[in-house]
1. Over the Cα atoms of the stretch 49-135, what Rg and Dmax result, in angstrom?
2. Could you give the spread of the C-alpha atoms of the stretch 69-118 along their three principal axes, from largest to smallest, in whole angstroms?
3. Regarding the stretch 1-152, what's the average projected area of the Cα-atom convex hull, expressed in nm²?
4. At q = 0.16, 0.22 Å⁻¹, what is the log10 ratio I(q)/I(0) for the stretch 144-185, with the Debye formula run over Cα points and no solvent?
5. Going through the cross-link list Lys11/Lys162; Lys66/Lys87; Lys48/Lys257; Lys22/Lys89; Lys38/Lys258; Lys39/Lys96, which pairs have a Cα-Cα distance over 22 Å in this structure?
6. Could you state the per residue volume, in Å³, of the convex hull enclosing the Cα atoms of the chain?
7. Based only on Cα atoms, what mean projected area does the convex hull of the stretch 93-175 have, in nm²?
8. From the mean inverse distance of alpha carbon pairs (Kirkwood) and the Cα radius of gyration, derive Rg over Rh for the stretch 132-255.
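Computed from the coordinates by the stated procedures, all read-outs in this text should not be read as laboratory data. If you're wondering where the values come from, they're calculated on a predicted model, not measured in any experiment. Every residue, glycine as well, gets a Cβ built from its backbone with ideal geometry; the counts of neighbours run over all protein chains shown.
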Amino acid sequence: FYTYVSGQKVKSVSSSDKNVVKASKDSDYKRQVNFTAKKAGKATITVKVKDYYNKTVTYKYAITVKKLSFDTSFVSSAGGYVCVGVKNKTAQTFDKVVIQYTFKDANGEVVAQNTDTVYRVPTKKTAYTNIYVGSSNMELIDLSQSSVKVTAVAHEPDYSYKDVSTKITVTPKDEVVNDRSVTFNITSKNTTNQYVTGYNYVMIYDEAGTLLGVEDLMLSLDKKETKTYNGETIYFSQYPTYDHYEIVTTAYYTAIKK
């Protein structure tokens with residue numbers, strides 16, 4: 001994670017315990033300080049900054065690092081994509097969660113391995129990402145032999161995060177069904193007085209209620225804003241046993257800590 005400091009540029013950064021938090025100046029942005037959590041514990045980060053009057057100002061950040069707690073799972077595989085669910089079991093909302101996945105075949109041989117980023121993960125909520133593996137690899141992958149785990153997270157320590165998922169009213173409308181697909185629009189209304197960001201997740205099910213896949217639509221609403229997202233389409237070729245869908249919304253806003 002990182003933070004910006006007031007002034008012209010960061011002169012120096014130090015940590016009282018580098019085994020807990022490592023901190024450094026950013027190589028590209030003069031006013032940015034990068035923090036890397038190493039293990040659970042507490043540390044104080046001291047940042048010296050050259051202000052707009054060429055004087056040195058010192059900032060101190062008391063950082064508490066807690067052990068990550070996430071549940072990760074392979075939700076579904078369809079159309080050359082593997083959908084991964086990441087449930088945040090912590091009390092902190094994260095702007096980014098980095099996952100590492102390893103797809104293997106039935107014999108345990110690695111088919112594909114890489115990292116991906118899941119964005120906007122509120123506390124106690126599940127976020128989703130679709131990883132493209134291609135149709136040919138999909139035929140080889142055995143998800144029961146494969147694995148996925150969280151390796152890193154990011155949020156801004158100067159900001160507090162407020163989950164307002166229940167404050168967003170979501171209405172599907174103008175649904176059109178033909179022999180190839182179902183298409184609809186989504187109207188989202190922000191009932192709060194804050195700018196919010198998050199996702200509308202279209203959860204796709206078969207007749208028995210089995211989750212076939214998740215389509216993620218980024219959500220960005222100003223205070224009291226109502227916005228319609230047009231043209232969401234579920235193709236039956238990708239989900240041949242499709243029966244119905246529902247929309248699950250996650251949203252939060254941030255505020256500078258006092």
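1. According to the Cα coordinates of the stretch 49-135, Rg and Dmax are 19.2, 65 Å.
2. Computed over the Cα atoms, the extents are 39, 20, 15 Å.
3. Directional mean of the projected Cα hull area for the stretch 1-152 stands at 10.7 nm².
4. -0.84, -0.83
5. Lys11/Lys162; Lys22/Lys89; Lys38/Lys258
6. On the way: hull volume 40.4 nm³, N = 258.
Convex hull of Cα atoms, per residue: 156 Å³.
7. For the stretch 93-175, averaging the hull's shadow over all directions gives 8.3 nm².
8. Details: Rg = 17.5 Å, Rh = 16.8 Å.
When Rh is taken as the Kirkwood radius, the ratio is 1.04.
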